[in-house]
Amino acid sequence: MRYLAPVLIGLLYVVLMSLVPEPHRRRLNAVMVAGAGAAYLGGGGLGGGEFAFTAVATWVAYRGLDSWTFVGVGWLLHTAWDVVHHLKGHPIVPFAHDSSFGCALCDPVIALWCLRGGRAPWNRGQGTDEFPAAARSALGTGTAPSKE
């Protein structure tokens, strides 16, 4: 369960976030990355490194407001920070020793979804959610225009 529960939480996050329409979904995920970037500020145990990571995560999250790629990169950065905390710092949840470990398993699930464009799983193969099939045909392109 130590390994399975975090992956299931990541999948649940993807399903719930997929209910949010675009472009709000991408922007909400960028805000979530910014929050995750600051999660260890309250006592992560790595001193000034906590502020440096938060600054980087904030910049990546800002870029993520317009880019699923940056949102995915933000979740991967947080994954790396979770691993550092699991090995050298304090857990993300103070009373749960393995919480950073679990977060390091959950976050890549979310990151992969974001790097694939943050599409709702039930819309696979139908282009991006930003440009439904009707909009693509109205534009005369047949494929979704790139947002990045």
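Every residue, every condition in (1) within 18 Å of residue 94 (Cβ to Cβ); (2) open to solvent by less than 80 Å² (accessible area, probe 1.4 Å); (3) within 14 Å of the chain's Cα centre (by Cα), yes or no:
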position: 9; (1), (2), (3): no, no, yes
position: 51; (1), (2), (3): no, no, no
position: 57; (1), (2), (3): no, yes, yes
position: 60; (1), (2), (3): no, yes, yes
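Of all residues assigned to the stretch 68-84, none qualifies as being part of a loop (DSSP other than H, G, I, E, B) and either of a type in the set (D, E, K, R) or touching a residue at least 24 places away in the same chain (Cβ under 8 Å) (or both).
Selection of first residues in the stretch 1-25 that are of a type in the set (Lys, Arg) and of second residues that are open to solvent by 100 Å² or more (accessible area, probe 1.4 Å), restricted to Cβ pairs under 7 Å at least 6 apart or on distinct chains, gives an empty result.
Do we have residue 119 as modelled with pLDDT of 85 or more, in a helix (DSSP H, G or I) and open to solvent by 60 Å² or more (accessible area, probe 1.4 Å) here? It is false that residue 119 is modelled with pLDDT of 85 or more, in a helix (DSSP H, G or I) and open to solvent by 60 Å² or more (accessible area, probe 1.4 Å).
Being modelled with pLDDT under 80 and either out of contact with any helix residue (DSSP H, G or I) (no Cβ under 9 Å at 6 or more places or on another chain) or closer than 14 Å to residue 26 by Cα (or both) narrows it down to one of 128, 143, so name that one. Break it down stepwise before answering.
Numbers: 143 fails: either out of contact with any helix residue (DSSP H, G or I) (no Cβ under 9 Å at 6 or more places or on another chain) or closer than 14 Å to residue 26 by Cα (or both).
After applying the criteria, what remains is 128.
Every condition in (1) within 24 Å of residue 122 (Cα to Cα); (2) surrounded by fewer than 20 Cβ atoms within 10 Å (Cβ to Cβ) holds for residue 99 except the one numbered (1). For the stretch 18-33, the condition of being under 19 Å from residue 102 (Cβ atoms) and either open to solvent by less than 20 Å² (accessible area, probe 1.4 Å) or touching a strand residue (DSSP E or B) at 6+ places or on another chain (Cβ under 7 Å) (or both) holds for at least one residue.
Just a yes or no: is a residue in the stretch 94-116 among the aromatic types (Phe, Trp, Tyr) and assigned to a helix (DSSP H, G or I)? Lay out the reasoning, then the answer.
Filtering the stretch 94-116 down to residues among the aromatic types (Phe, Trp, Tyr) leaves 95, 101, 113.
This time we only want the ones that are assigned to a helix (DSSP H, G or I), so: 101, 113.
Yes, because at least one residue in the stretch 94-116 is among the aromatic types (Phe, Trp, Tyr) and assigned to a helix (DSSP H, G or I).
The values are calculated or read from the model by the stated rules, or taken from the named source; none is laboratory data. Keep in mind it's a predicted model, so treat the numbers as computed, not measured. Neighbour counts are summed over all protein chains in view; Cβ atoms, including those assigned to glycine, are modelled from backbone coordinates with ideal geometry. Just so you know, the surface numbers come from the protein's heavy atoms only, side chains and all, with ligands and any DNA or RNA stripped out. Shrake-Rupley method; radii C 1.70, N 1.55, O 1.52, S 1.80 Å.
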